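We did not get these values from a lab; they are worked out from the coordinates using the rules stated. Computed from a predicted model, the values in this text were never measured in an experiment. Here the Cβ positions follow ideal geometry from the backbone for every residue, glycine too, while neighbour counts run over all protein chains shown.
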Amino acid sequence: METELLTLDELTERTGVSARNVRFYASRGLVPSPIRRGRSGYYGPDHIARLELVRELQGHGFTLAAIEKYVDQIPESATPSDIARHLSLLAPVTGDRDVDVPGGLSGMGISPEAAAAVAEVYADHGRQVAEELSEIVRTMVWPQFREHGYTAEQLREFIHRLKPLTIAGLVTAYEQAIDQSQASYDGRRAR
């Protein structure tokens, strides 16, 4: 079965990405260059998949430089299915507001008291992170925004884009800390 190829206009209609941005992303290596047939350029499923990935990363607040680093790790030979897997891996970055920590832990055989204690640790540290980041935004970010003529609406958009980066940063910091804690525990047990 031959792959359906799209013109640039068809691609922009299908993905919602402007022609200008498609060309820009191709120039930065975020999506492949068009497939040439004579003097015309065409786009296939690989282009669509990579454009969707770039849009999703932008939606999670990734900067262009961060998107480039992320995309650089994906082999050029990656199929649209491979790219879809990357998209699915981004889902945890958004954070699920309806996580039932005590219920989830109780389902793993943890006592209700221990499960409630874990949930309280998450809540306490979540509030602490939110308060500390709010202070940084208030004292360091907003003055920079104001100095450069940005509006309060632009600051709200920045904060909206900061949320998924914060979640990803917290997950990474937690994973590193728990790995170090486990290594330290294993080292003490070996003595």
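Looking at the P(r) of the chain, how many percent of alpha-carbon pairs lie beyond 26 Å? Tail fraction, whole percent: 53.
From most to least packed by mean Cβ count within 10 Å, the peptides 179-190, 28-39 give 28-39, 179-190.
Stretching the chain fully between Ala84 and Arg23 yields a gain of 19.8 nm (0.36 nm per residue, less the alpha carbon separation). Where does helix 80-90 land angle-wise versus the long Cα axis of the chain, in degrees 0 to 90, nearest 10? So the helix axis and the longest Cα principal axis differ by about 30 degrees.
Using square roots of five times the C-alpha gyration tensor eigenvalues, list the equivalent-ellipsoid semi-axes of the range 126-172 in whole Å, biggest first.
Values for the range 126-172, descending: 21, 12, 8 Å.
Any idea what angle helix 112-136 forms with the longest principal axis of the chain, computed on alpha-carbon atoms, 0 to 90 degrees, nearest 10? Roughly 60 degrees between the two axes.
Computed from backbone phi, the HN-Hα couplings of the range 7-21 come to 6, 4, 4, 5, 5, 5, 5, 5, 9, x, 9, 5, 4, 4, 5 Hz, rounded to whole numbers (Karplus: 6.51 cos²θ - 1.76 cosθ + 1.60, θ = phi - 60°; Gly and Pro given as x).
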